[in-house]
1. What number of residues within the range 170-221 satisfy the criterion of being under 29 Å from Ile299 (Cβ atoms), small (Gly, Ala, Ser) and away from the ligand (no atom under 16 Å from the Cβ)?
2. Taking the options Pro202, Pro179, name whichever one is crowded, with 17+ Cβ neighbours inside 10 Å and either at pLDDT 95 or above or touching a strand residue (DSSP E or B) at 6+ places or on another chain (Cβ under 6 Å) (or both).
3. Looking at the range 205-235, which of its residues are exposed (fewer than 12 other Cβ atoms within 10 Å of the Cβ) and modelled with pLDDT of 95 or more?
4. Which pairs do you get when a residue that is under 11 Å from Pro156 (Cβ atoms), found in the range 129-141, comes within reach of a residue that is of a type in the set (S, T, N, Q) and surrounded by 13 or more Cβ atoms within 10 Å (Cβ to Cβ), reach meaning Cβ atoms under 6 angstrom, with the pair 6+ apart or on two chains?
5. Scan the range 317-334 for residues that are part of a helix (DSSP H, G or I) and open to solvent by 70 Å² or more (accessible area, probe 1.4 Å) and jot them down.
6. For the range 51-71, give me the residue count where each residue is within 15 Å of the ligand (Cβ to nearest atom) and either open to solvent by 60 Å² or more (accessible area, probe 1.4 Å) or on the phi > 0 side of the Ramachandran plot (or both).
7. Suppose we keep only residues that are within 26 Å of Ala334 (Cβ to Cβ) and not polar (S, T, N, Q) within the range 133-152. Which one would you say is least open to solvent (accessible area, probe 1.4 Å)?
8. Of all residues in the range 268-296, which are open to solvent by less than 50 Å² (accessible area, probe 1.4 Å) and within 20 Å of Ile228 (Cα to Cα)?
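The values are calculated or read from the model by the stated rules, or taken from the named source; none is laboratory data. The model shown is predicted, which means the values in this text are computed figures rather than measured ones. Cβ placement follows ideal geometry from the backbone for every residue including glycine, while neighbour counts extend to all protein chains displayed. Just the protein is used for accessible areas: all its heavy atoms, side chains included, with ligands, DNA and RNA removed. Shrake-Rupley method; radii C 1.70, N 1.55, O 1.52, S 1.80 Å.
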Amino acid sequence: MNPSRSSDASGRGIISLTERGKTVLSQKRVLSGMQPSGKLHIGNLAGALQNWVKLQEKYDCYYFVADWHALTSQYAETSQIKDSVQDMIINWLAAGLDPDKSTIFIQSWVTEHAELHTMLSMITPLGWLERVPTYKEKQEELKDKDLSTYGFLGYPVLQSADILIYKANYVPVGIDQIPHLEITREICRRFNHLYGEVFPEPEGLLAEFPKVPGIDGRKMSKSYGNCIYLSDTPKEVEQKIKTMMTDPQRIKRTDKGNPELSPVFQLHKVFSTKTEQDEVAEGCRTAGIGCLDCKAILIKNLFKVLEPIWARRENLLKNQDAVRDILQSGTKRAKQAAFETINEVKKAISLYT
Ligand code: TRP
């Protein structure tokens, strides 16, 4: 076994060893991406980011901003994409993604994704794409937009390219992304069947807290206007929690409530300890505590999570050049890995190289 390539400057992750002509990665690889379609909120934090931060301790992680994916539905109104990308990167770093541990980059800066997308598009049957449930659902949901485009139908092919180009083993995603992962695995198998084993079959890693309710109890989503953003000030966060609805049946302080009917309690389930959850639930049921007391505990716990993020955000906002440097070195590292796969793919397909 000869080391064919040493690791990057940080000494992590991508040491590969050549064993009878096969590349063996020393560490399992994780990849995930997010679309820059608005400011990040605490739902993204608890549902994805905190998990990403944990994974970087154990795996060779690649995290990227999926700006081409944002174009598939926002091609007619692109003005906010740039700001969303910037907000996203700053929040990722503020939440604890560490550029020495993870490779952090922007999809459109690594043009090899588009190259692989083109090659995968040749082997992807139209029927597979038309059957992906999110295809029709999203078209229904975004009726004001014309999503009968080539790019939108090909969304899962691009996502497959994102994943396969790094030979990712694990893909942490929310439950809504499972169909995209399924088609990635199908495309992977079809490629390997046609041209030989190039790609490992990626597996999904479901996040621990798939759903975080917004301040109105529905799923936290920009389109519902019910978000608590990572960029909100402490005052704004406090205000949003204080005005949240609770159990609608509990009108007076002396009324006994049902915590399960209160979105405040749903947030406790994400941000408070089990003991605190039990205490507020009991207090609610017996009218031992009022809704404001319950909210004060939630605010305290949210602040505990958000305070270090706010501090780091402030620092990063003052050091935009450093943020750019991080993206540039992340892109360089990602490009190197992507370039190797592209060469392997071209050889497997027998393109003239
Ligand atoms: N489709 C994902 C989302 O909307 C974003 C994404 C693009 C992605 N490419 C990916 C996620 C690759 C995981 C892996 O959330």
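1. 2
2. Pro202
3. Of everything in the range 205-235, those that are exposed (fewer than 12 other Cβ atoms within 10 Å of the Cβ) and modelled with pLDDT of 95 or more turn out to be Thr233, Lys235.
4. So the pair list comes out empty.
5. Scanning the range 317-334 gives Leu317, Lys318, Asp321, Arg324, Asp325, Gln328, Lys332.
6. Summing the residues that are within 15 Å of the ligand (Cβ to nearest atom) and either open to solvent by 60 Å² or more (accessible area, probe 1.4 Å) or on the phi > 0 side of the Ramachandran plot (or both) in the range 51-71 gives 2.
7. Out of the qualifying residues, it is Phe152.
8. His268, Val270, Phe271, Ser272, Cys291, Cys294, Lys295
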